[in-house]
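The next block holds one structure in the form of structure tokens; read it before the comments.
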Amino acid sequence: MAKTPPGFAGPLTVHLRSDRMTLRMAKAPQLYLAGTIDAGAVAQVQQLLQSGRLSPGTDVYLDSSHGDVASGMALGKLFRNARFNTHLGAWRSGSWRASGSSALPATCLDACAYAYLGGVYRWSPSGADRIGLHENLLPDRTTTAPGTPPPQQLRDYMASMGVRPVYFAQVSQLVMNGIAWWNTEKMAPWLVANNGRLPPTASYRKAPGAPVLTLTQEVRGNRSLMVLQCASGKFSLTARYVQSDSSAERLAPRTMYAYFEVGKQALGMRQGARPKADGDALVFTRELPFTELDTVLRAPLLAARIEVMGSPVRLGFWLDPAVVEPQTRAFYADCQALQPGYVPPPPTAKPAKRSLWKRIKGVFK
């Protein structure tokens, strides 16, 4: 039997940091969980949640090498329903923090790893922190190990958390002593972690003569938008970049120019009006020929960039339209129908039905 790596194996310990300084700097309480993840541990966190001491956006730090996976998934569902975020991290008291001592590495194994997937925002481990699963708990196995949930249940749980097993397999390729440790550098590229960035969403409004598609990107609670509106021969692309600190009014007079990037290619870098403040957002619009619409909707990266006077850092945001490309096809088709000279494709011919006699003959052949 594979040896379990060292880690705290006692009952779950709970530490909550919600002092004024933490709330001011981190914007949310910090909950540290260490020890065995079992039904009792889930009940502890549930009671703490019901007490009102935790709020949406709470950052949960995990450090557990022991527990049962069913409880880990239950804990992950609790995190998602409460809109908590997950990290790896070991608790340090205030006195340790003041002394400047280095943090102990955290280990998140098996039940803990499945609980981690419940975070709305899931942050990649850093430093010496480790996360992984014993091989008999991987979701791609074909048989059920004794005392563990069936593989399909694990896959269904992962899918409900927005993690595709096919992506998950890319991060858990290093197996040592029966444990598949996750490659922390691959977790964000393969969407097992998201580091504060949720996948984009698409919303299509079929307005007569001017179809409108809205792409939304949420980063650390701020939702920025790209709105595409179709017209004859062209489409407009509007970026709405939300400022978390309500500084749009202050920044607008200092903006020099703004542009979009498709892939890494800038479009009209010094063309068009400067961004304007609209509530808590900087907003700008550019018009593009219809011939570029398909490229934009299939791009792995569509970025809105804003240059500010006196700052070496570009503002803006980016999203991945290719992720939601199946949801944007109707917009493209309706926009294409508005273009000059458009000829609709002929209806697909349905195969002729065989006569009753031929069908009967086919049965007795």
### Query
When Lys and Arg each count +1 and Asp and Glu each count -1, what net charge do the other residues less than 13 Å away from Pro151, Cβ to Cβ, add up to?
-1
### Distance in nm between pseudo-label sites at Arg314 and Ala210 (7 Å out along the Cβ direction from Cα)
3.0
### Message
Restricting everything to alpha-carbon atoms, can you work out Rg to Rh for the stretch 104-217 with a Kirkwood hydrodynamic radius?
### Response
1.10
### Query
How many Å² of accessible area per residue for the chain, probe 1.4 Å?
54
#### Entry: Mean separation of Cα contacts under 8 Å (6+ apart) over length of the chain, as relative contact order %
10
## Note on the structure
Once the dipole of the chain is set up from charges on Cβ (+1 Lys and Arg, -1 Asp and Glu), the residue from the list Ala159, Ala145, Phe331 lying farthest towards its positive end is Phe331
### Message
Can you give me the % of accessible surface on the chain that is carbon or sulfur? Probe 1.4 Å, all protein chains present, nothing else counted.
### Response
55
## Note on the structure
With +1 at each Lys and Arg Cβ and -1 at each Asp and Glu Cβ, the charge dipole magnitude of the chain around its Cα centre, to the nearest 20 debye, comes out at 1200
### Query
HN-Hα J couplings of the stretch 196-208 from phi, Karplus 6.51/-1.76/1.60, θ = phi - 60°, integer Hz, Gly and Pro as x?
x, 10, 7, x, x, 10, 10, 9, 10, 10, 8, 7, x
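Would you mind finding the longest exposed-site-free stretch of the chain, with exposed chymotrypsin sites (Phe, Trp or Tyr not before Pro) meaning DSSP loop and at most 15 other Cβ atoms within 10 Å? Walk me through the numbers on the way to the answer.
Values: sites that count: Tyr342, Phe364.
Result for the longest clean stretch: 1-341.
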### Query
Which of the DSSP-defined H helices in the chain satisfy a minimum axial length of 24 Å, computed from C-alpha atoms, and a minimum mean Kyte-Doolittle hydropathy of -0.5?
none
### Query
Tally Lys/Arg at +1 and Asp/Glu at -1 over every other residue whose Cβ is under 14 Å from the Cβ of Thr13; what's the total?
0
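For the stretch 52-183, give the magnitude of the charge dipole about the Cα centre (Cβ charges: +1 Lys/Arg, -1 Asp/Glu; no others), in debye to the nearest 20.
380
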### Loop-resident sites, the stretch 248-323, for trypsin sites (Lys or Arg not before Pro), counting at most 16 other Cβ within 10 Å (DSSP)
Lys264, Arg270, Arg314
### Task
Net charge near Thr107: determine it from the other residues with C-beta under 11 Å of the C-beta of Thr107, scoring Lys and Arg +1 and Asp and Glu -1.
-2
### Query
Using helices alone, what [θ] at 222 nm do you get for the chain, with -39,500 (n - 2.57) per DSSP H run of 4 or more residues, divided over all residues and rounded to the nearest 500?
-7000 deg cm²/dmol
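The values are calculated or read from the model by the stated rules, or taken from the named source; none is laboratory data. Computed from a predicted structure; not experimentally measured. Glycine gets a Cβ as well: all are built from the backbone with ideal geometry, and neighbour counts include every protein chain shown. The area values use the complete protein model at the heavy-atom level, side chains included, leaving out ligands, DNA and RNA. Shrake-Rupley method; radii C 1.70, N 1.55, O 1.52, S 1.80 Å.
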